[in-house]
Number of protein chains: 2
Amino acid sequence: MLKTLLMCLCVLLYSQHLLATDTLLVKKQAFEIAEFTTQNGKTISPVRVGWEAYGHLNADKSNAILITHFFSGTSHAAGKYQPSDPATGYWDAIIGPGKAIDTNKFYVISVDTLVNANVFDPNVITTGPATINPATGKPWGLTFPVVTIADFVEVQRHLLDSLGITQLHAVIGASMGSFQAIEWAVRYPERVKRLIPVIGTAYLDAWAAVRLERWAYPIKQDPAWRNGNYYDYGQPLHGLRTAVAYITQDALYPTAFNARFSEPADDVAPHQDILAPFSAWQELMAQAQTRAAVQDANHILYLIRASQLYRAGMGDNWQQALSQVKAKTLFLPATGDQLLLPTMSQRSAAVMPPPTVSYAEIPGDFGHLDGIVNISAVAEQIALFLN
Amino acid sequence: MLKTLLMCLCVLLYSQHLLATDTLLVKKQAFEIAEFTTQNGKTISPVRVGWEAYGHLNADKSNAILITHFFSGTSHAAGKYQPSDPATGYWDAIIGPGKAIDTNKFYVISVDTLVNANVFDPNVITTGPATINPATGKPWGLTFPVVTIADFVEVQRHLLDSLGITQLHAVIGASMGSFQAIEWAVRYPERVKRLIPVIGTAYLDAWAAVRLERWAYPIKQDPAWRNGNYYDYGQPLHGLRTAVAYITQDALYPTAFNARFSEPADDVAPHQDILAPFSAWQELMAQAQTRAAVQDANHILYLIRASQLYRAGMGDNWQQALSQVKAKTLFLPATGDQLLLPTMSQRSAAVMPPPTVSYAEIPGDFGHLDGIVNISAVAEQIALFLN
């Protein structure tokens, strides 16, 4: 009787909480693999990553949806850790009770990748160059093996296996998350029922690989980087900040960028002094510095490399690999994307069997970032596709 | 009689030469201004620039067309200096006898800008940080004043004044050349009859200014740059080459870029070694190194600054300045341009009186560079507009 009363009270409080904030409360959990072998044959002992989940796994464990995160992201896809958190997870607009990815129906799970950018965020758990290699008692640094999107997927598979989840109702990911989602459908065609690559592509071409290398350049040129061995001295903050600034700009269409940063015409000093910076540059760098505070420069280099190496199946014929996918697929590029162009989604979709694949574009002023901030524009398509 | 015979022979040889190679032969000339005052009130003594011309100036000097060059360009818009030259000027497809800009009708003239990138090209004459300041006997370095698009225009105006040319049938320029062309029409509305901004804009916004600053970054981060004082030590070649590589990529749409550089999937080393570069990166750098051989790092910084500062009229209201233009105007952006987006041409055109302004897009796979390599796609529109 008391137990029932308490349960009712809890449910009531929980519902009221939802009513009051419309926000899920979530908890970061840790998952460990004692010994993990990478795609290039190296060993990481142990791998430890964070994960979180929203909703409830049903009895036959058939209602799981995996959300794979983007380059600068974490597994915090929805909800808050504390009601006082200033922001929710990045796709809170579409993940939650009654939302497009309905947590009343689905068990939604997300995992921090290896070499996650935000390694110093207290809510992120990852393994990479900045974490301690127990064999030496020191940070891995550049002795950490090159890891790939396929490695990220294998870590997630280990976690799902440990939870007894053998079927995925869907895998959904934005940008670098789309690479992981596609790789899931390629490697495990029998396990993945539905696939949604958002602002995504099944291959990185020379143009994109070089664009990404330009993010790495400021880090590698910073003398404080010390060829990756900076852990005894402090981060190459100048290079890291610049890399984060470039990532920020490349993810934004000019309309959204110009709405946030000062017009060059308002600056007087740059007309007098060749070394005087524009306000827009300084503002961008200041914003990047704040974001870089929880990031690690080497982790950024490893994420760049994992992204550059991506093509479906990780072999020499991504088209052939992609044609093996059995999942029903919905490509959702952003119309104004100048980083992973809609043509990349189109080329990817073109090699999949037409009855399996559909395509819609996300409108907006943010370009690539519309895949995150404007995802509600395609909420209905996502809901329809999942049900 | 002998004189007439010689003249006929010359004309005959000239025509035959044209017939044989279909190529104009042109000659670089030098123009000097003893003392030039810049927009920001500094003095350059002397200014010396190169120029070349195609066709003949008519008796009332009313048939001149000024071609203003792009960032990495020179006044070599058409023809060859020697029949054995490996390439013609950059717009040879539209400038010449019987071509869209018909040198049988028009006197086409082009001028090397101040701080021209290719200062060490024997066919370029320019004044900038790498040239000798007679007052000190040493290169100007960063004591050279910040110069603007309006300064480029004023140098050209001095030259035209010296030739007695007070009317321009048209001013036509691509990219940074479009800034100069627009500035001509804004500053001298009575002198400019027609205006063609190709892959152009009447303003640089925060997004574009920051993109351009990213070209400057590798130069400024190169220790060999020595805050601009490298002339006793040799150029900051690593930074300069990287800047040129970035300019190359930003001017190319992915389709054309990928056709020229190796696919990342063909590289094995980057999957094993985090420091191993992709072939595409190395190829791009090698190509940039070749182009950088005649360029100066500080000149690139000054060209970046001149471009960043540009807005029509150089004041705080480019829209108002542009609305004063009297020239009949034809905007020709490139559909795939990701550097100066077609929307910039559209926004520029929108503030001009509708009967004056027209608009067409250049198709192609090259993006921004379509304004140079694919200009023949709009040759008919240009010819029609000029006649």
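The values are calculated or read from the model by the stated rules, or taken from the named source; none is laboratory data. For clarity, every value in this text was computed on a predicted model and none was experimentally measured. Glycine also receives a Cβ, built like all others from the backbone with ideal geometry; neighbour counts cover every protein chain displayed.
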Looking only at the range B:209-234, which residues are of a type in the set (Val, Ile, Thr) and at the interface with chain A (Cβ under 10 Å from one of its Cβ atoms)? B:Val210
Inside the range B:314-360, can you point out the residues that are within 14 Å of chain A (Cβ to nearest Cβ), surrounded by fewer than 22 Cβ atoms within 10 Å (Cβ to Cβ) and of a type outside the set (A, V, I, L, M)? B:Gly315, B:Asp316, B:Asn317, B:Gln319, B:Gln320, B:Thr335, B:Gln338, B:Pro342, B:Thr343, B:Gln346, B:Arg347
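Residue-wise test of (1) touching a strand residue (DSSP E or B) at 6+ places or on another chain (Cβ under 8 Å); (2) crowded, with 21+ Cβ neighbours inside 10 Å; (3) over 18 Å from B:Ala383 (Cα atoms).
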position	(1), (2), (3)
B:Tyr54	yes, yes, no
B:Asp60	no, no, yes
B:His76	yes, yes, yes
B:Ala100	no, yes, no
Tell me which residues, restricted to the range B:76-132, are on the phi > 0 side of the Ramachandran plot, over 18 Å from the mean Cα position of the chain (by Cα) and assigned to a loop (DSSP other than H, G, I, E, B). B:Gly98
In the range B:219-241, anything in contact with a Phe, Trp or Tyr (Cβ under 7 Å, 6 or more places away or on another chain) and in contact (Cβ under 8 Å) with a residue 24 or more places away in the chain is listed as B:Ile219, B:Pro236, B:Gly239
Filter the range A:182-224 down to residues that are part of a helix (DSSP H, G or I) and of a type in the set (Lys, Arg) and give me whichever is farthest from A:Phe331 (Cα to Cα). A:Lys220
Scan the range A:157-170 and give yes if some residue there is among the hydroxyl-bearing types (Ser, Thr, Tyr) and either surrounded by fewer than 21 Cβ atoms within 10 Å (Cβ to Cβ) or in a helix (DSSP H, G or I) (or both), otherwise no. yes
Would you call A:Phe257 surrounded by 23 or more Cβ atoms within 10 Å (Cβ to Cβ), touching a helix residue (DSSP H, G or I) at 6+ places or on another chain (Cβ under 7 Å) and at the interface with chain B (Cβ under 8 Å from one of its Cβ atoms)? yes
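Rundown of residues vs (1) at pLDDT below 95; (2) touching a Pro at 6+ places or on another chain (Cβ under 9 Å); (3) charged (D, E, K, R), yes/no style:
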{"position": "A:Leu19", "(1), (2), (3)": "yes, no, no"}
{"position": "A:Gly41", "(1), (2), (3)": "no, yes, no"}
{"position": "A:Ala53", "(1), (2), (3)": "no, no, no"}
{"position": "A:Ala59", "(1), (2), (3)": "no, no, no"}
{"position": "A:Ser75", "(1), (2), (3)": "no, no, no"}
{"position": "A:Thr113", "(1), (2), (3)": "no, no, no"}
Out of the residues in the range B:277-307 meeting the condition of being within 13 Å of another protein chain (Cβ to nearest Cβ) and among the polar types (S, T, N, Q), tell me which one is surrounded by the most Cβ atoms within 10 Å (Cβ to Cβ). B:Asn298
Just wondering, is there one or more residues in the range B:199-208 that are away from chain A (no Cβ under 14 Å), among the β-branched types (Val, Ile, Thr) and closer than 29 Å to A:Thr248 by Cα? yes
Output for the range B:261-276, where each listed residue is β-branched (Val, Ile, Thr) and more than 8 Å from chain A (Cβ to nearest Cβ): B:Val268
Could you run through the range B:274-306 and say how many residues are free of Cβ contacts under 8 Å to residues at least 24 places away in the same chain and either under 17 Å from the mean Cα position of the chain (by Cα) or outside any helix (DSSP H, G or I) (or both)? 5
Index of the failed condition, B:Leu142 passing every other in (1) in a loop (DSSP other than H, G, I, E, B); (2) closer than 30 Å to A:Ala265 by Cβ: (1)
